[in-house]
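Note sheet for the following structure.
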Amino acid sequence: MKFDLIVIGSGPGGYVAAIRASQLGLKTAIVEREHLGGICLNWGCIPTKALLRSAEVYDLFRHAKDFGLAADNVRFDVKAVVQRSRDVSRRLSRGVASLLKKNNVMVIWGEATLVALGQVRVSETMDQDVPKLSAEMKVSNLADLIARHDPSVSRHQGMLILDSEGKLAGVITRGDVMRALDADPSGASTVLDAGRRDVVVTYPDEMLHQASAKMLRNNIGRLPVVDRKDAQRVVGYLGRAGIMAARLRRLDEEHVREPGWIKRL
Ligand SMILES: Cc1cc2nc3c(=O)[nH]c(=O)nc-3n(C[C@H](O)[C@H](O)[C@H](O)COP(=O)(O)OP(=O)(O)OC[C@H]3O[C@@H](n4cnc5c(N)ncnc54)[C@H](O)[C@@H]3O)c2cc1C
């Protein structure tokens with residue numbers, strides 16, 4: 001989804017700016033990682049003033065006599081005072097939610113990060129259709145598939161090897177296949193034995209230039225993309241072609257970028 005403006009943070013600065021931008025005709029979204037209304041509505045101005053109000057009313061009761069009134073046995077319940085303050089915050093935060101909705105501002109929940117112009121993350125360009133082989137597959141079978149230009153193995157120079165549990169076990173390239181057949185023309189060895197087990201990986205949230213540096217440093221042309229929390233769980237495949245395509249896309253974008261709304265004003 002594309003927006004003219006994305007505001008980070010829904011504090012008094014953010015939500016007011018987002019609503020005004022939308023009223024001025026910009027397709028607007030706001031990203032919030034915690035509570036709508038920011039510090040002011042949830043922890044700062046509003047809840048503190050609600051606590052102060054309770055203190056003020058308590059003080060008035062204590063000085064009831066000064067006003068010609070009588071109030072005996074005036075006490076306070078801290079838990080109830082804090083609860084009231086939290087309720088006021090929640091009510092106002094819900095108010096911000098409905099104001100944003102009414103003004104067509106889309107709320108995106110999560111932590112926003114700014115990526116410098118020209119930078120791309122691996123997840124934006126990785127191939128999700130990963131070329132996978134079973135660790136028990138024989139080299140002769142793979143060679144046969146390659147010779148027949150089978151689409152499952154012909155799109156990439158390298159293929160990922162998964163064990164019986166679907167976990168990343170290694171990588172094999174066409175070069176590895178040729179070397180294995182050279183050593184044993186019967187191709188009886190498994191792809192896992194013929195490939196590499198010490199696999200260099202990248203992560204979906206890694207910057208493309210960092211992944212490219214890994215390739216250059218290790219003199220390899222492809223990287224399995226794995227889950228940061230489980231380095232054996234494959235989520236994608238990054239090859240040199242993917243990197244070149246991303247670079248080209250960015251170049252094109254920068255050349256054909258529309259003037260944008262700032263120039264239109
Ligand atoms: C105890 C206390 C009492 C105060 N009382 C008053 C008062 O009486 N009057 C007054 O004028 N001011 C008061 N302030 C100050 C007031 O809270 C701030 O000036 C105001 O909240 C600033 O608004 P803001 O929109 O700039 O940022 P914030 O209110 O801090 O909002 C920022 C929002 O952005 C979100 N955010 C930040 N980074 C990201 C990210 N990367 N991705 C997604 N979301 C993100 C945060 O979760 C937060 O919701 C008080 C502050 C405190 C702490």
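Just one of the numbered conditions (1) more than 14 Å from the ligand (Cβ to nearest atom); (2) loosely packed, with under 14 Cβ neighbours inside 10 Å; (3) not small (G, A, S) is not true of T28: (2).
Look at A188 and say whether it is aliphatic (A, V, I, L, M) and part of a helix (DSSP H, G or I).
no
The condition of being within 12 Å of the ligand (Cβ to nearest atom) and loosely packed, with under 12 Cβ neighbours inside 10 Å holds for only one of L41, L52, that being L52. Within this structure, A97 fails the test of being modelled with pLDDT under 95 and among the hydrophobic types (A, V, I, L, M, F, W, C). Among the residues of segment 16-60, the one identified as touching an Asp or Glu at 6+ places or on another chain (Cβ under 9 Å) and of a type in the set (S, T, Y) is T28.
For every residue, the table says whether it meets (1) outside any helix (DSSP H, G or I); (2) surrounded by fewer than 16 Cβ atoms within 10 Å (Cβ to Cβ); (3) in contact (Cβ under 8 Å) with a residue 40 or more places away in the chain.
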{"site": "V130", "(1), (2), (3)": "yes, no, yes"}
{"site": "S140", "(1), (2), (3)": "no, no, yes"}
{"site": "H149", "(1), (2), (3)": "yes, yes, no"}
{"site": "H156", "(1), (2), (3)": "yes, no, yes"}
{"site": "E165", "(1), (2), (3)": "yes, yes, no"}
{"site": "G170", "(1), (2), (3)": "yes, no, no"}
{"site": "R179", "(1), (2), (3)": "no, yes, no"}
{"site": "D182", "(1), (2), (3)": "no, yes, no"}
{"site": "V199", "(1), (2), (3)": "yes, no, no"}
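With respect to being in contact with a helix residue (DSSP H, G or I) (Cβ under 7 Å, 6 or more places away or on another chain) and either assigned to a helix (DSSP H, G or I) or away from the ligand (no atom under 16 Å from the Cβ) (or both), V81 fits the description.
Being among the aliphatic types (A, V, I, L, M) and either surrounded by 21 or more Cβ atoms within 10 Å (Cβ to Cβ) or touching a strand residue (DSSP E or B) at 6+ places or on another chain (Cβ under 7 Å) (or both) is the filter here, so list the residues in segment 216-244 that pass it. Of everything in segment 216-244, those that are among the aliphatic types (A, V, I, L, M) and either surrounded by 21 or more Cβ atoms within 10 Å (Cβ to Cβ) or touching a strand residue (DSSP E or B) at 6+ places or on another chain (Cβ under 7 Å) (or both) turn out to be L223, V225, V226, V234, V235, L238, I243.
Contact annotation: residue pairs with Cβ atoms under 6 Å, 6 or more positions apart or on different chains, pairing a residue in segment 41-54 that is within 15 Å of S93 (Cα to Cα) with a partner that is in a helix (DSSP H, G or I) and among the aliphatic types (A, V, I, L, M), are L41/L92; I46/L92; A50/V88. Output yes when any residue across segment 50-61 is in contact with a strand residue (DSSP E or B) (Cβ under 9 Å, 6 or more places away or on another chain) and of a type in the set (D, E, K, R), and no when none is. No, every residue in segment 50-61 fails to be in contact with a strand residue (DSSP E or B) (Cβ under 9 Å, 6 or more places away or on another chain) and of a type in the set (D, E, K, R).
The values are calculated or read from the model by the stated rules, or taken from the named source; none is laboratory data. The structure displayed is predicted, hence computed values, not measured ones. As a convention, Cβ positions derive from the backbone with ideal geometry for all residues, glycine included, and neighbour counts pool all protein chains shown.
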